[in-house]
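Just below is one structure, and these are the notes that go with it.
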Amino acid sequence: MSGFGDEGGVTAAELVTVARSHTPHGEVALRRRGEVLELVVGGVFAMDTVDVSTEVELAQAALADHTDPSRVLVGGLGLGFTARTVLADDRVERLDVVELAAPLVQWARAGVVPELADLEADGRCRLYAADVADVLTGTSPVPSQPWDLILLDVDNGPGFLVHAHNAGLYAPTGLHAAYGALAPGGRLVIWSSHEAPDLAADQRALATRHDGATAGEQVITIHREGRRFDYALYSLTAPAAAPTPGRA
């Protein structure tokens, strides 16, 4: 999700709530600040449309490093920019988007805001109201594993959680579950609003336990509303399957 909000002196009267709903995990709300759309989850700013370049980069970087990303999982619907970037790649045959906040999925299907509308109009895309942690561990059987790419953007990274229970996604057990949901040659990429050395170290440690696996870190600097932000992408790539004997 896209960093941290800054009201920039905007008064409450200039904020228009487009949709709001309570969930077991807290309130989720969409609101307009002029032409800017904001997503607030559990009272925590999640993202807005001021600068969505890192959401786009999350998808582009993952897609660029895979030769055949036919099946993709996106954890976290957000405002739909990562999903749309994935769908822009003709190699993608199926996109599963898992979002914890059921109202956000409902608003996307109802076309409440244009940013989220019509994702499922592309027959390759399916939206699911579920916990991506359950999907990765197989506790939730739908959607089913494995994936060529798993993109996680469910928080502002391990250092600024939208939901406290998501901490497990970034822990060694969560990383192991995500790695296990990858197809041969598959890649896990995690978005973070900050550099996360502990996450990087845990990914490297996991990679050393699997022959041919690799871990990576990419820092992306964004200048937004006069401020500098250093976002980061953390990746974990599984080795390709060994060639079948007798086949080229």
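The values are calculated or read from the model by the stated rules, or taken from the named source; none is laboratory data. All values derive from a computational prediction rather than experimental measurement. Neighbour counts run over all protein chains shown; Cβ positions are idealised from the backbone, glycine included. Areas reflect the complete protein model, heavy atoms only, side chains present, ligands, DNA and RNA absent. Shrake-Rupley method; radii C 1.70, N 1.55, O 1.52, S 1.80 Å.
Quick check, is ALA117 surrounded by fewer than 22 Cβ atoms within 10 Å (Cβ to Cβ), of a type in the set (Gly, Ala, Ser) and touching a helix residue (DSSP H, G or I) at 6+ places or on another chain (Cβ under 9 Å)? Considered against the rule, which asks whether it is surrounded by fewer than 22 Cβ atoms within 10 Å (Cβ to Cβ), of a type in the set (Gly, Ala, Ser) and touching a helix residue (DSSP H, G or I) at 6+ places or on another chain (Cβ under 9 Å), ALA117 comes out as yes. The residues of the range 39-70 that are open to solvent by 30 Å² or more (accessible area, probe 1.4 Å), touching an Asp or Glu at 6+ places or on another chain (Cβ under 8 Å) and of a type in the set (D, E, K, R) amount to a single one, ASP68. Number of residues in the range 120-137 that are touching a residue at least 40 places away in the same chain (Cβ under 8 Å) and either of a type in the set (Lys, Arg) or open to solvent by 40 Å² or more (accessible area, probe 1.4 Å) (or both): the value is 1.
Which number in (1) surrounded by fewer than 24 Cβ atoms within 10 Å (Cβ to Cβ); (2) within 13 Å of the chain's Cα centre (by Cα); (3) free of Cβ contacts under 8 Å to residues at least 60 places away in the same chain marks the one condition that ASN156 misses? Evaluating ASN156 over (1) surrounded by fewer than 24 Cβ atoms within 10 Å (Cβ to Cβ); (2) within 13 Å of the chain's Cα centre (by Cα); (3) free of Cβ contacts under 8 Å to residues at least 60 places away in the same chain leaves (3) as the failure. The strands (runs of 3 or more DSSP E) found wholly in the range 162-248 and carrying at least 2 residues that are at pLDDT 95 or above and over 16 Å from the mean Cα position of the chain (by Cα) occupy 182-192, 214-224.
Checking each residue in the range 143-152 for being open to solvent by 10 Å² or more (accessible area, probe 1.4 Å), part of a loop (DSSP other than H, G, I, E, B) and either touching a residue at least 60 places away in the same chain (Cβ under 8 Å) or not polar (S, T, N, Q) (or both) picks out only PRO146.
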